[in-house]
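Asks: Can you keep this structure in mind? I'll have questions shortly.
The values are calculated or read from the model by the stated rules, or taken from the named source; none is laboratory data. Source: prediction; values computed, not measured. Virtual Cβ from ideal backbone geometry, glycine too; neighbours counted across all protein chains shown. Side chains included, ligands, DNA and RNA excluded: accessible areas come from the protein's heavy atoms. Shrake-Rupley method; radii C 1.70, N 1.55, O 1.52, S 1.80 Å.
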Amino acid sequence: ERGHGPYQPHEPGYGLDQPEYSPYEDEIPDPQARMLAIKNAKAYLLKTSTKSGLNLYDHFANILTKILDEQPTNTVDIIEDISKDVKWGQFRKKMDTLRDEPVIPPTFEAAEKCKALFLKEGGEEEHEEVEEEMGHHSLPNVMEAAFYFEQAGIGLNKDECYYIFLALKNLINAQPIQTCRFWGKILGLEMNYIIAEVQLREGEGEEEAGEEGEGTIAEGEKEMVEAEEDEQKEKKPEPPKSTYKPPPEIPKEANGTGTNKYVYFVCNEPGKPWVKLPPVTPAQIVCARKIKKFFTGRLDAPVVSFPPFPGNEANYLRAQIARISAGTHVSPTGFYQFGEEEEEDEEGADTYEENPEFEPPPVAEMVESLATWAHHVKGILKQGRCVWINPQKLEEKEGEEDEEEEEEEGEEQQAERGPPLLTLISEDEGMKDIPAWTAQASTKLIPEYSVAIVQSNRWPGAYAFASGSKFENIYFGWGHKYSPESYAPELPPPAQAEFPSGPAVTETVDPTVEEEMAFKAAQEDALAEAEEEEDEEGEDD
């Protein structure tokens, strides 16, 4: 017996798809019309879509080919999924490639950036041997400090802290560093700054001093050339020059002292190269106090402000770091003490040492009384230095003042003095009704294991913790000082007064024609008289 198949012309069901045809009639449809209908149907199936560029005929053929090749079970239930798979297989990019471009997830990109942090360099073993010989490790325990700050809800996530930990390790392996500390993180509009505070080994900072000496030699040669040019110009008449002499430039403090006691390295993200910030100058600190600018995250970005800032963003960042460190770095009272040589003059003392007999106060006492905390970084004076320098002596050295002018000025300027080192933070002035500091415990539920936390209200983002004999300072913020009033930029200086009017500078009135003629006649008469006198003298001779 023959199974189901194509119906023969004499069998029922043949031509059911033909219009106006009944199987019960004896008429057979025209074969030409049937072929035309088939061609029209195929042409309709071959019509290309304007969206995908595919046609239904090829799509059905590909579906059937896929089904016959794979022969899945329950094909009728998954026919829609097979159709979708065939469509995705037909997708083509505008630029066809031999291989599909892999989609890189963001987690992979982040892992690639931090991959260099996990590679151990060849010089690390030598560095570890040097540290073992010296008897101390310069790498700080960032994770331990992060644990204590986390008790008060302060800090970064653990992954970023560990990346910073590894980045500091790479910095220590690359630079001759004696001590290192994670200073904090300053936020920027485009990128952030991760800051490391370090002290270089002895003798490493002398290179910069040598470069400065070369600069002074170059300046001396420049002055000699200018003196020769002045001698040449003396021969020619020149217009009068201004007698104004600008005030002498206040020199920066030497490396390892005052505002330049530490060296700072910054990077935008862990894994990126560390960049050393230049030393800060008093002029940069004085100007930074008058402006307020957001950081961009690019060290070479210009600082557009009024008054004009003497430097770029790297210098502005260094000035803000110096200001924040001087105002917010604190430690438990008694942890540091002055050396035997500096006990006599505590006001001018600049160095200190750890007190071996220090007994940490309980956490409750450190929270209740701010007298248990003290500044261990010297304050910055209005001059922009930690140690005041007399500008008149600078003028004497430069030879810009004469002895007579010095006698007229009389008394010298009064020396400026700031708070001495290790001053209690309870003596800091507040801002209107806001205290300068706020102390609190990390938890009140388990006071036996709480940590004392103190935060600065003058510099939002500056925190310090103390737990027993351990303490640490850190900063997370925009690098701006709090001001109870809205910020207003400094006004430009007043316009210069006009020169006083007088007969020496007042323009005379133009003479009339009669006055000019009379003046000319008087000149001619005087000339004639002079000629007559000369003739008479010649006759007498």
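Asks: Please determine whether any residue of segment 410-424 is touching a helix residue (DSSP H, G or I) at 6+ places or on another chain (Cβ under 6 Å) and either open to solvent by less than 60 Å² (accessible area, probe 1.4 Å) or at pLDDT 90 or above (or both).
Replies: Checking segment 410-424: at least one residue is touching a helix residue (DSSP H, G or I) at 6+ places or on another chain (Cβ under 6 Å) and either open to solvent by less than 60 Å² (accessible area, probe 1.4 Å) or at pLDDT 90 or above (or both).
Asks: Name the pairs: first residue in segment 260-281 and in contact (Cβ under 8 Å) with a residue 12 or more places away in the chain, second residue open to solvent by 40 Å² or more (accessible area, probe 1.4 Å) and among the β-branched types (Val, Ile, Thr), Cβ to Cβ under 6 Å, at least 6 apart or on different chains?
Replies: Val266/Val275
Asks: What residue, of Leu200, Leu168, is within 17 Å of Ala116 (Cβ to Cβ), aliphatic (A, V, I, L, M) and open to solvent by less than 50 Å² (accessible area, probe 1.4 Å)?
Replies: Leu168
Asks: Output the residues belonging to segment 488-515 that are open to solvent by 100 Å² or more (accessible area, probe 1.4 Å) and touching a residue at least 60 places away in the same chain (Cβ under 8 Å).
Replies: Once the filter is applied, which keeps residues that are open to solvent by 100 Å² or more (accessible area, probe 1.4 Å) and touching a residue at least 60 places away in the same chain (Cβ under 8 Å), segment 488-515 yields nothing.
Asks: In addition: Scan (1) hydrophobic (A, V, I, L, M, F, W, C); (2) more than 30 Å from the chain's Cα centre (by Cα); (3) assigned to a loop (DSSP other than H, G, I, E, B) for the single condition Ala526 breaks and write down its number.
Replies: Against the list (1) hydrophobic (A, V, I, L, M, F, W, C); (2) more than 30 Å from the chain's Cα centre (by Cα); (3) assigned to a loop (DSSP other than H, G, I, E, B), Ala526 comes up short only on (3).
Asks: If you don't mind, another one. What residue, of Glu80, Glu112, Glu129, Glu101, is at pLDDT below 75, assigned to a helix (DSSP H, G or I) and open to solvent by 80 Å² or more (accessible area, probe 1.4 Å)?
Replies: Matching residue, one of Glu80, Glu112, Glu129, Glu101: Glu129.
Asks: Return yes when Val451 is farther than 20 Å from His375 by Cβ and surrounded by 10 or more Cβ atoms within 10 Å (Cβ to Cβ) and no when it is not.
Replies: Criteria met by Val451.
Asks: Then there's this: Would you pick out the residues in segment 425-440 that are assigned to a helix (DSSP H, G or I) and without any contact (Cβ under 8 Å) to a residue 24 or more places away in the chain?
Replies: Within segment 425-440, Glu427 is the sole residue that qualifies.
Asks: So which of Glu202, Glu212 is at pLDDT 60 or above and either of a type outside the set (Lys, Arg) or part of a strand (DSSP E or B) (or both)?
Replies: Being at pLDDT 60 or above and either of a type outside the set (Lys, Arg) or part of a strand (DSSP E or B) (or both) holds for just one of Glu202, Glu212, which is Glu202.
Asks: Being assigned to a strand (DSSP E or B), of a type outside the set (Val, Ile, Thr), assigned by the TED database to the domain that holds Lys382 and surrounded by 20 or more Cβ atoms within 10 Å (Cβ to Cβ), is that true of even one residue in segment 268-275?
Replies: yes
Asks: Can you name the number of the only condition in (1) touching a Gly at 6+ places or on another chain (Cβ under 6 Å); (2) among the charged types (D, E, K, R); (3) at pLDDT 80 or above that Asp69 fails?
Replies: (1)
Asks: Take Leu119 and decide whether it is outside the structural domain of Gln440 (by the TED database), modelled with pLDDT of 75 or more and either touching a Lys or Arg at 6+ places or on another chain (Cβ under 8 Å) or open to solvent by 80 Å² or more (accessible area, probe 1.4 Å) (or both).
Replies: Criteria met by Leu119.
Asks: Criterion first (farther than 15 Å from Ser331 by Cβ, of a type outside the set (D, E, K, R) and assigned to a loop (DSSP other than H, G, I, E, B)) does Thr443 satisfy it?
Replies: yes
Asks: Let me ask something additional. What tally of residues in segment 461-487 results from selecting those that are open to solvent by 30 Å² or more (accessible area, probe 1.4 Å) and under 30 Å from Asn355 (Cα atoms)?
Replies: Result for segment 461-487: 8.
Asks: Further question: Right, Arg323: more than 28 Å from Trp437 (Cα to Cα), open to solvent by 20 Å² or more (accessible area, probe 1.4 Å), in the same structural domain as Glu427 (by the TED database) and touching a residue at least 40 places away in the same chain (Cβ under 8 Å) or not?
Replies: When the stated conditions are applied, Arg323 does not pass them.
Asks: Another question, if that's okay. Looking at (1) more than 19 Å from Ile474 (Cβ to Cβ); (2) of a type outside the set (Ser, Thr, Tyr); (3) modelled with pLDDT of 90 or more, find the lone condition where Cys180 falls short.
Replies: With respect to (1) more than 19 Å from Ile474 (Cβ to Cβ); (2) of a type outside the set (Ser, Thr, Tyr); (3) modelled with pLDDT of 90 or more, Cys180 is out only on (1).
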